[in-house]
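The values are calculated or read from the model by the stated rules, or taken from the named source; none is laboratory data. Please read these numbers as outputs of a predicted model, since none were measured by experiment. A quick note on method: Cβ atoms are made from the backbone with ideal geometry, for glycine too, and the neighbour counts reach across all protein chains shown. Side chains included, ligands, DNA and RNA excluded: accessible areas come from the protein's heavy atoms. Shrake-Rupley method; radii C 1.70, N 1.55, O 1.52, S 1.80 Å.
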Amino acid sequence: MSVTDQRELQYIGGARQSGSGAPLTITAPATGDEIVTGAGANAADVETAVAAAQAAFPGWAGLTPGARSDLMHEWARVLRTRADEFAAVESENAGKPIRLATEFDVPGTIDNTAFFAGAARHLEGKATGEYSGDHTSSIRREPLGVIGSIAPWNYPLQMAAWKILPAVAAGNTVVLKPSELTPLTSLLFAEAATAAGIPPGVINVLTGTGAEAGQPLVEHPAVAMISFTGSTAVGRRVAATAAGAVKRVHLELGGKAPFVVFDDADPEAAARGAVAGALINAGQDCTAATRAYVQRPLFEEFVGRVAELMDQVRLGPVQDPDTDMGSLISRTHRDRVIGMVERARESGAKIVRGGRIPDHTPDAGAYYEPTLITGADQQSEIVQHEIFGPVLVVLPFDTDDEAITLANDTPYGLAASAWSRSVFRTQRAAREIRSGCVWINDHIPIVSEMPHGGFKASGFGKDMSTYAFEEYTNTKHVMSAITPAPHKPWHDVIFRTN
Ligand code: NAD
């Protein structure tokens, strides 16, 4: 177990510290119990953390890629030894079932850490060469400096990892502001880096609200880039602020993933995929299946089977290994989900399953039943806007053209899936659906080697994979004349002297 004082919610320069801002209480969403209360971060803490990251930058950037890689491999090893502790803290703080934390969040984070430890040694660019004939051109890929990272509450540990790892692998230093609701595993992640020998100041964590800590971090002149994951609304504000300073931004925003089932799909595979894809993390997943479009011949069978499977999903205490679905992040967030479902009901949609607070879970928890909706209008709020709860809306379609049009008919473009036994139909969907990921006959799996990121209002920039690694470097072209001749042939374009 960690020997630090858990009330110290900041991690600056390699040590836990108290913040200078307003008190913050971190609660367990599944029970409503307080976990810890401490002082949040404010602009003064942003100053201290950015200064620590600036001080650490030359040393970290100056290490060889191999030395950074070794330290990051050691970090992955430390994480492996503390995996159970990380899973328990993540489960309690985010209200997610211990099985999900143990089998998805923590191993995914360890794998990501090991992946970026390897990626640190692979700086890619064009071959050095004489492209003009008179000069040697070469590429340098340089870290940017201090990266300000801002993360959401849904997968706190994985989001911290996705933000921090490519940045530090490329030689940058980081100030991460996790969600003020779920900072605990981000703090542990930074502590594990220090335990692995990563120098103090390379990774700093500020626990505070968006207004008190996030905004000053985005505004800070010494922060070279803002890497943001969160809602489209806040992402827009962050981008507008960063634009004032011509600061690089990386935006991973909301999603509204379509799940397209053609009439030659395996109905059982599609129904199971829809339930898993809609209910993972209680639907609080930016790539969650939220709108299933099912070709009319399969529609009734699909809805019936999804309803049966939803009935089997067990809600319960998050520490129980048999619990399938935990609580939402807060009762405030649950109220938002309830509001959307009730407005859908009032506008004539049918609530086939759920649509209510379960009666066997703690009153102070934020549980909500798996919810299945049909009969909603394509232009209605429940189909167009992110719900971020365990709610699946199913709509019918007739032709393949219509399916593609409907799949593309929201402002978002993060992820999608297409279900069919026809390679022509699935390849068409892969080509024509405008989103950063298209799964074929599955929905949700991710791998460290492949990029994750959005199109349209879901943002831009990639997390995971070497594509993410490149987001955190500047490409510099160095062009050297290869002859000492004072008169270069290209001068003739400007002035001829003979
Ligand atoms: P949010 O946008 O409310 O908050 C995200 C982060 O921004 C938090 O740390 C918050 O404190 C901070 N913040 C708020 N106001 C700020 C400001 N003015 N300046 C700087 N920072 C500010 O999102 P959330 O409710 O925490 O998370 C859910 C959202 O995240 C959903 O929309 C979901 O789709 C999205 N998300 C996207 C991805 C992806 O990869 N695209 C992954 C996970 C979550």
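Listing for the model above:
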{"quantity": "Inter-site label distance for E85 and T332 at 7 Å from Cα along Cβ, in nm", "calculated": "3.1 nm"}
{"quantity": "Relative contact order (%) - the chain, alpha-carbon pairs under 8 angstrom, separation at least six", "calculated": "18 percent"}
{"quantity": "Between region 304-364 and region 398-435, the Cα center-to-center distance that results, in Å", "calculated": "28 Å"}
{"quantity": "J(HN,Hα) series, region 270-279, from Karplus relation 6.51 cos²θ - 1.76 cosθ + 1.60, nearest Hz, glycine and proline x", "calculated": "5, 5, 5, x, 5, 5, 5, x, 8, 9"}
{"quantity": "Flagged links, alpha-carbon separation over 23 Å, of K126/K488; K247/K456; K256/K350; K256/K456", "calculated": "K126/K488"}
{"quantity": "Amide H contacts of D264 (H built 1.01 Å from N, under 5 Å, at least 5 apart or other chain)", "calculated": "R421"}
{"quantity": "Accessible area of the chain divided out per residue, in Å², using a probe of 1.4 angstrom", "calculated": "40 Å²"}
{"quantity": "Among beta bridges that DSSP assigns inside the chain, antiparallel share in %, nearest 5", "calculated": "40 percent"}
{"quantity": "Three principal axis lengths of region 257-440 [C-alpha, angstrom, descending]", "calculated": "49, 33, 30"}
{"quantity": "Kirkwood hydrodynamic radius of region 407-470, from inverse mean 1/r over distinct Cα pairs, in Å", "calculated": "12.3 Å"}
{"quantity": "For G208, distant residues with modelled amide H under 5 Å away", "calculated": "A41, E180"}
{"quantity": "Where a label projected 7 Å from the Cα of E432 along Cα→Cβ would reach, residues of region 260-297 with amide N under 20 Å", "calculated": "260-266, 291-297"}
{"quantity": "Packing-based ranking, highest mean first, of 321-330, 388-397 given that Cβ atoms within 10 Å are counted", "calculated": "388-397, 321-330"}
{"quantity": "Accessible surface of the chain, 1.4 Å probe, proportion on carbon and sulfur as whole %", "calculated": "55 percent"}
{"quantity": "Full-stretch length increase - A243, Q312 - with 0.36 nm per residue and alpha-carbon distance subtracted", "calculated": "20.0 nm"}
{"quantity": "Counting all C-alpha pairs of the chain, share separated by more than 39 Å (%)", "calculated": "28 percent"}
{"quantity": "Residue-by-residue Karplus 3J(HN,Hα) for region 205-210, coefficients 6.51, -1.76, 1.60, Hz, glycine and proline x", "calculated": "10, 10, 8, x, 6, x"}
{"quantity": "Computed [θ] at 222 nm, helices only, for the chain once each DSSP H run of length n ≥ 4 contributes -39500 (n - 2.57)", "calculated": "-11500 deg cm²/dmol"}
{"quantity": "Phi to ³J(HN,Hα) by Karplus 6.51 cos²θ - 1.76 cosθ + 1.60 over region 289-306, Hz, x for Gly, Pro", "calculated": "6, 10, 10, 9, 10, 10, 5, 3, x, 9, 4, 5, 4, 5, 4, x, 5, 4"}
{"quantity": "Region 61-103 residues near the modelled E142 label - backbone nitrogen below 20 Å, point 7 Å along Cα→Cβ", "calculated": "61-66, 68"}
{"quantity": "q = 0.13, 0.18 Å⁻¹, region 81-156: log10 I(q)/I(0) [Debye, one scatterer per Cα]", "calculated": "-0.62, -0.87"}
